[in-house]
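The values are calculated or read from the model by the stated rules, or taken from the named source; none is laboratory data. Since the model is a prediction, treat every value here as computed from it, not as a measurement. Here the Cβ is made from the backbone with ideal geometry for all residues, glycine too, and neighbour counts use every protein chain on show.
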Amino acid sequence: MTNECSICKAPSIISRPYSGEALCDNCFRVSVIAAIRTAISRYKMLHRTDRIAVAYSGGKDSTVLLAILVDIQKQFPESEVIAITLQEGNRQDKERQRVLRQVTQQLSVEHVTSSYQDIFSLTLDEIAERAQKTQSPLSPCAYCGTLRRQGLNILARRINADKLALGHNLDDEVQSMLMNLVRGDLQRLARITPFLKGVEGWLIPRIKPMYHLLEKDIALYSKLLQLPLYHPPCPYKETSLRSEIREWLNTFEDRHSGSKFNLHASFLKIINSIKSSKDEPYQKCNSCSEITSQDICAVCLYRQKLGFSTQNT
Ligand code: SF4
Ligand SMILES: [Zn+2]
Ligand SMILES: [Zn+2]
């Protein structure tokens, strides 16, 4: 590993095998912020008067995103950043709330919380238990991800947000792309983009300003930020296909540096070519009135499959 920063010759704190550069603390921070600014401007993610809801879980990704967006927002006083959190209903949620409150107070950002219980009258534990009892072929993560997507949209809509910002990094994106490819779900694959258009009054546009940053870069940046994190291991995590793909991708990247970037770029090209020229036809779910591309939304479908009553949210 080089000991000098490739840019300013100060002692380096990170080396990037895929680009051959080594960076010092300052140049590394600048590079992370630059990647986020580039993403925002390339996809025209933000407008100067936007009310931005940042999905904030307390983990490293959402903490870094929140801190950087709060900083960027200072240059655009007509815009606003609000942290939003959805509790899944796991046991240690009280501790999580304490950490989140500390961080949001430190960053002087408004914080709005809700839960699966509040929005869907369900907790993750109940879903996991029912999934096990019914021998569901889907992992708790599959249910949880679907509830989170719809729940965050509902919460962002409740606070009249113009954009919903997610802390997905490059690793998350490539993992999701591969998972949908493995499942043969091209419709869902086509929705994995750095910017997902909204539908007025229904679907808040989703942006992923960190889509071009590696997870390890974000992990290092979060250490430098020195903000407290909350990331206890989820009891259901290991059951997911995502974990297997993550492990495989990391091994592959170690052997062939740059693979994650190349896979991501290739997937974006594939997505562009499989997307129909028309916008996806959205409609109201027959059961809960949330937005969906089918007659019934994925949350209601899962509720039915697991034997929970469907409800209007
Ligand atoms: S690991 Fe899976 S089940 Fe646990 S919070 Fe994340 S998505 Fe939900
Ligand atoms: Zn430097
Ligand atoms: Zn529904």
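Numbers for the structure displayed
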quantity: Identity of the residue in the stretch 133-184, away from ligand 1 (no atom under 12 Å from the Cβ), more than 13 Å from the chain's Cα centre (by Cα) and of a type in the set (Gly, Ala, Ser), that ends up modelled with the lowest pLDDT; calculated: SER136
quantity: Out of LEU241, LEU213, sole residue that is within 16 Å of ligand 1 (Cβ to nearest atom) and within 18 Å of the chain's Cα centre (by Cα); calculated: LEU241
quantity: Given (1) of a type in the set (D, E, K, R); (2) away from ligand 2 (no atom under 16 Å from the Cβ); (3) farther than 16 Å from LEU213 by Cβ; (4) in contact (Cβ under 8 Å) with a residue 40 or more places away in the chain, index of the condition ASP61 fails; calculated: (3)
quantity: Residue among GLN97, GLN102 that is more than 23 Å from ASP162 (Cα to Cα) and touching a residue at least 40 places away in the same chain (Cβ under 8 Å); calculated: GLN102
quantity: Filtered residues of the stretch 217-237 (kept if of a type in the set (D, E, K, R) and surrounded by 15 or more Cβ atoms within 10 Å (Cβ to Cβ)); calculated: ASP217
quantity: Criterion: under 19 Å from ILE127 (Cα atoms), surrounded by fewer than 16 Cβ atoms within 10 Å (Cβ to Cβ) and modelled with pLDDT under 90 - qualifying residue of SER309, SER293; calculated: SER309
quantity: Only listed residue being in the same structural domain as CYS234 (by TED's automatic domain parsing) and surrounded by fewer than 17 Cβ atoms within 10 Å (Cβ to Cβ), chosen from LYS74, LYS60; calculated: LYS74
quantity: Extreme residue, nearest to ligand 1 (Cβ to nearest atom), among residues of the stretch 8-25 that are without any contact (Cβ under 8 Å) to a residue 60 or more places away in the chain and more than 23 Å from LYS260 (Cβ to Cβ); calculated: CYS24
quantity: Set ILE52, ILE7: member being under 20 Å from TYR221 (Cβ atoms) and part of a loop (DSSP other than H, G, I, E, B); calculated: ILE7
quantity: Total residues in the stretch 179-194, condition buried (at least 19 other Cβ atoms within 10 Å of the Cβ) and either in contact with a strand residue (DSSP E or B) (Cβ under 8 Å, 6 or more places away or on another chain) or basic (Lys, Arg) (or both); calculated: 1
quantity: Of all residues making up the stretch 93-132, the number that are part of a loop (DSSP other than H, G, I, E, B) and either under 21 Å from the mean Cα position of the chain (by Cα) or within 18 Å of TYR143 (Cβ to Cβ) (or both); calculated: 5
